[in-house]
Amino acid sequence: MMALPVAAAAALPAHASGAHLRSALQMRSVGQAGPARQAGPARQTGPARQAGPARQTTTAARTAAARQTTTAARTAAARQIASTEPAVVGGPTGIRVKGAALANAATGQILWGVGLNTERPIGSIVKVMTALVVIQAGDLNREITVPKSVIAYLKSQNGPSTAGLIVGDRLTAFELLEALLLPSGCDAAYTLAEAYGPGIDAFIARMNTEAQRLGLTDTYFSNFDGLPWPSEYSTWSTPENLITLGRYAMRYAVFSTIVGQASYSLPAGDGHHGYLWQSTNPLIGVYPGAAGIKTGDTKAAGNCLLFEATRDGLTLIGVTLGTPGDDITVTGPVASRVLNWGFSHFSAQAARAAGPSAHLRA
């Protein structure tokens, strides 16, 4: 999705103002933006990735990947799940997905799923991890210049989504996160990866290190934006792993604030043009209580959506992968059905568990 002219911001008075939101978030120190890091395996510094225009994985990364099921095996396994596979008994009906999950966001308890542990391409949901690496590195007020090399990168891809960044513009890391997560800007992903790696290869290595630390054992990143390079199946995850990733990301105030917006307006300023970025998430501003998170869409991945919503004190987080259709908007009705089923079933279940005394107290 390309950036819209700044003049269009006048038609969106309820949407966030870039200057206002940026000012509010800058009141928080980077160390306060997210939760204390959970205990886990010691972080390891992975081997330096080999440079080169093709940016293939290093020998060490290939060896690690080889220990996983082969690409052919993963592809075959994914195809065994028909797009019309029904949900488990008691789950939402009338949806078509190749993988899905719904969980209690507070506890992480999986409430329903399809192909929970089947590895599949995930499209631009990859950008959730891209954002996490940047947020954890901190210094979100640093100015980063959009590099000229981003033009060649975008031309090398087939119709990537962009934030319409202009080469030479100086934007803060926070502003680039807006451009990354709302319009799903691959140009913003490239700019952030070059700056925070530093360099593309080092940044991708950091993404995989963080995945290991979070226990995402069925997840691998071959790039920073979810585009199909080096191949359609070189990056993968599972519904269960994506629930874990989404829950962790939403605990960072900077992240959850950004993905909960319908749009973000950045007026022209010293060193940069004006931009208006709109969310690709079809639930934001449409489904009551929707709070994020991220869309994804490639030929192999199909239409994907990682989402979260709150109703009556209950927050559910879910993901749908491989929804058929020509546009990411098809994920909106599917996610809505999943959420409606979840809220109907588990809110009622909680009320029953509370018993008559809860009603009397009310």
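A few points about this structure:
- Residues of the stretch 114-134 that turn out to be at positive phi and not in a helix (DSSP H, G or I), as a count: 1
- Residues located in the stretch 161-182, provided they are within 13 Å of the chain's Cα centre (by Cα) and acidic (Asp, Glu): Glu178
- Qualifying residue in the stretch 135-143 (condition: part of a loop (DSSP other than H, G, I, E, B), without any contact (Cβ under 8 Å) to a residue 60 or more places away in the chain and more than 17 Å from Thr219 (Cβ to Cβ)): yes
- Here Glu194, Glu240 are screened, and the one residue that is assigned to a helix (DSSP H, G or I), among the charged types (D, E, K, R) and without any contact (Cβ under 8 Å) to a residue 60 or more places away in the chain is Glu194.
- Of all the residues in the stretch 287-330, those that are out of contact with any Lys or Arg (no Cβ under 8 Å at 6 or more places or on another chain) and closer than 20 Å to Ala105 by Cα number 20.
- Selection from the stretch 213-225 of residues that are crowded, with 18+ Cβ neighbours inside 10 Å and either of a type in the set (Phe, Trp, Tyr) or out of contact with any strand residue (DSSP E or B) (no Cβ under 6 Å at 6 or more places or on another chain) (or both): Leu214, Leu216, Asp218, Tyr220, Phe221, Ser222, Asn223, Phe224, Asp225
- Filtered residues of the stretch 153-188 (kept if more than 20 Å from Thr298 (Cα to Cα) and either outside any strand (DSSP E or B) or among the hydroxyl-bearing types (Ser, Thr, Tyr) (or both)): Leu165, Ile166, Val167, Gly168, Asp169, Thr172, Ala173, Phe174, Glu175, Leu176, Leu177, Glu178
- The number of residues in the stretch 268-301 that are charged (D, E, K, R) and outside any loop (DSSP other than H, G, I, E, B) comes to 2.
- Of the residues making up the stretch 181-201, those that are of a type in the set (D, E, K, R) and out of contact with any Ser or Thr (no Cβ under 7 Å at 6 or more places or on another chain) are Glu194, Asp201.
- Being closer than 23 Å to Ala163 by Cα and out of contact with any Ser or Thr (no Cβ under 9 Å at 6 or more places or on another chain) holds for only one residue in Gly342, Gly269, Gly296, Gly274, and it is Gly269.
- Every residue from the stretch 317-339 that is surrounded by 19 or more Cβ atoms within 10 Å (Cβ to Cβ) and out of contact with any Ser or Thr (no Cβ under 8 Å at 6 or more places or on another chain): Ile317, Gly318, Val319, Leu321, Gly332, Ser336, Leu339
- All told, Lys294 meets the bar of being buried (at least 20 other Cβ atoms within 10 Å of the Cβ) and of a type in the set (Lys, Arg).
- Yes/no for Ala309 being free of Cβ contacts under 8 Å to residues at least 60 places away in the same chain and in a helix (DSSP H, G or I): no
- Of all residues in the stretch 197-216, none that is touching a residue at least 60 places away in the same chain (Cβ under 8 Å) has its Cβ atom under 6 Å from the Cβ atom of a residue that is surrounded by fewer than 18 Cβ atoms within 10 Å (Cβ to Cβ) and part of a helix (DSSP H, G or I), 6 or more apart or on another chain.
Coordinate-derived values only; no laboratory data. Computed from a prediction, not measured in an experiment: that's the story for all the values here. A quick note on method: Cβ atoms are made from the backbone with ideal geometry, for glycine too, and the neighbour counts reach across all protein chains shown.
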